[in-house]
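Peer 1: My structure is below; once you've seen it, I'll send some questions.
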Amino acid sequence: MTDQELLALAEEYGFDCAAPMDAAKLEVLQDVRDACAANRCGQYNKTWACPPAFGDLEESRRILAKYKRGLLVQSVQTLEDDFDWEGIQELGKRHGENFQRLYQRLREAWPDLLALGAGGCKNCKECTYPDNPCRFPDRMVYSMEGFGLFVTQVCRDCGIPYNHGRGTMTYSACFLLE
């Protein structure tokens, strides 16, 4: 599938922005992983898709090195005001649903793709971590930040903005394909 076909697919699946990715440009940063360890999102050491469950930064580098290209996708929404929690939740739901649908479609062509989402995996209401294996390892969505990726830089490297302006909210995620 060409980059143009991937971009058309992202649009078809409801994403507002998309860009091809050069996986060789992905840089794993200790500062980003340290931010995960501060547990501001509440997922650190709570799911299979977030640190420390899937290994250290060297493991992230090893996994990412398997891939040459990918697709960055974004969902963007204009908010009524800075406190539009309903709009943020609506965007998160739309982004997550579109991401899962596109994930299933891309897996047909690339069964070994790596899905890196906005935050950790949300396939289950409650993760089995650490007591039992993941229920759906074939649908796992890892955290971009958990892998040590500075999402702002990933977007910049792909030529699309991380922030789409005052009064907007953006969710970014990616698929590493081959």
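Peer 1: Tally the residues that are touching a helix residue (DSSP H, G or I) at 6+ places or on another chain (Cβ under 9 Å), closer than 16 Å to Ala10 by Cβ and of a type outside the set (Val, Ile, Thr), restricting the search to the stretch 72-97.
Peer 2: Residues meeting the conditions: 3.
Peer 1: Another one. Give the residues of the stretch 1-24 that are more than 16 Å from the chain's Cα centre (by Cα), more than 22 Å from Asp138 (Cβ to Cβ) and not small (Gly, Ala, Ser), sorted by residue number. Don't jump to the end; show me each part of the working.
Peer 2: Restricting attention to the stretch 1-24, the residues satisfying the condition of being more than 16 Å from the chain's Cα centre (by Cα) are 1-9, 11-12, 24.
Remaining after also requiring more than 22 Å from Asp138 (Cβ to Cβ): 2-5, 7-8, 11-12, 24.
Listed by number, the residues that qualify are Thr2, Asp3, Gln4, Glu5, Leu7, Glu11, Glu12.
Peer 1: For the stretch 120-129, state whether one or more residues are under 14 Å from the mean Cα position of the chain (by Cα) and either more than 26 Å from Pro20 (Cα to Cα) or of a type in the set (A, V, I, L, M, F, W, C) (or both).
Peer 2: At the first step, the residues of the stretch 120-129 found to be under 14 Å from the mean Cα position of the chain (by Cα) are 120-123.
Keeping just the survivors that are either more than 26 Å from Pro20 (Cα to Cα) or of a type in the set (A, V, I, L, M, F, W, C) (or both) gives 121.
Checked the stretch 120-129: at least one residue is under 14 Å from the mean Cα position of the chain (by Cα) and either more than 26 Å from Pro20 (Cα to Cα) or of a type in the set (A, V, I, L, M, F, W, C) (or both).
Peer 1: Would you confirm whether or not the stretch 142-152 contains a residue that is among the aliphatic types (A, V, I, L, M) and not in a loop (DSSP other than H, G, I, E, B)?
Peer 2: Taking the stretch 142-152 and keeping what is among the aliphatic types (A, V, I, L, M), we get 144, 149, 151.
Narrowing further to those that are not in a loop (DSSP other than H, G, I, E, B): 149, 151.
Yes, the stretch 142-152 contains a residue that is among the aliphatic types (A, V, I, L, M) and not in a loop (DSSP other than H, G, I, E, B).
Peer 1: While we're on this one: So, of the residues in the stretch 154-163 that are assigned to a helix (DSSP H, G or I) and touching a Lys or Arg at 6+ places or on another chain (Cβ under 9 Å), which turns out to be nearest to Leu116 (Cα to Cα)? It would help to see each step written out before you state the result.
Peer 2: Narrowing the stretch 154-163 to residues assigned to a helix (DSSP H, G or I): 154-158.
If we keep only those that are touching a Lys or Arg at 6+ places or on another chain (Cβ under 9 Å) too, we end up with 154, 157-158.
On the way: Val154: 12, Asp157: 16, Cys158: 15 Å.
The residue in question is Val154.
Peer 1: Just checking, which of Arg105, Arg166 is of a type in the set (Lys, Arg) and free of Cβ contacts under 8 Å to residues at least 12 places away in the same chain?
Peer 2: Working: Arg105 fails: free of Cβ contacts under 8 Å to residues at least 12 places away in the same chain.
Only one candidate passes the filter, namely Arg166.
Peer 1: Does any residue of the stretch 33-45 turn out to be among the hydroxyl-bearing types (Ser, Thr, Tyr) and touching a residue at least 40 places away in the same chain (Cβ under 8 Å)? Walk me through it before giving the result.
Peer 2: Within the stretch 33-45, the first condition is being among the hydroxyl-bearing types (Ser, Thr, Tyr), and the residues that meet it are 44.
Next, from what is left, pick out any that are touching a residue at least 40 places away in the same chain (Cβ under 8 Å): none.
The answer is no; no qualifying residue exists.
Peer 1: Would you mention how many residues in the stretch 53-75 are of a type in the set (A, V, I, L, M), crowded, with 19+ Cβ neighbours inside 10 Å and either without any contact (Cβ under 8 Å) to a residue 40 or more places away in the chain or in a strand (DSSP E or B) (or both)?
Peer 2: The total comes to 3.
Peer 1: Would you be able to tell me the number of residues in the stretch 12-52 that are in a helix (DSSP H, G or I) and surrounded by 15 or more Cβ atoms within 10 Å (Cβ to Cβ)?
Peer 2: Adding up the residues that qualify gives 5.
Peer 1: Of all residues in the stretch 97-124 being touching a Ser or Thr at 6+ places or on another chain (Cβ under 9 Å) and assigned to a helix (DSSP H, G or I), which is farthest from Cys174 (Cα to Cα)?
Peer 2: Ranking the candidates gives Asn98 first.
Peer 1: Shifting gears a bit: Testing Pro133 on (1) surrounded by fewer than 18 Cβ atoms within 10 Å (Cβ to Cβ); (2) under 24 Å from Tyr13 (Cα atoms), one condition comes back false. Which one is that?
Peer 2: Only one criterion is unmet by Pro133, namely (2).
Peer 1: Residues in the stretch 76-86 that are surrounded by 15 or more Cβ atoms within 10 Å (Cβ to Cβ) and either at pLDDT below 90 or under 21 Å from Arg101 (Cα atoms) (or both): how many?
Peer 2: Of the residues in the stretch 76-86, the ones surrounded by 15 or more Cβ atoms within 10 Å (Cβ to Cβ) are 76-77, 79, 84.
From what is left, the residues that are either at pLDDT below 90 or under 21 Å from Arg101 (Cα atoms) (or both) are 76-77.
Qualifying residue count for the region: 2.
Peer 1: Also: Checking Glu178 against (1) touching a strand residue (DSSP E or B) at 6+ places or on another chain (Cβ under 8 Å); (2) at pLDDT 95 or above, which single condition isn't satisfied?
Peer 2: Answer for Glu178: the failing condition is (2).
Peer 1: Restricting to the stretch 90-130, count the residues that are over 20 Å from Glu5 (Cα atoms) and surrounded by fewer than 16 Cβ atoms within 10 Å (Cβ to Cβ).
Peer 2: Looking only at that region, the number is 8.
The values are calculated or read from the model by the stated rules, or taken from the named source; none is laboratory data. Since the structure is predicted, the reported quantities are computational estimates derived from the model, not experimental observations. Reconstructed Cβ throughout: ideal geometry from the backbone, glycine too, with neighbour counts over all protein chains shown.
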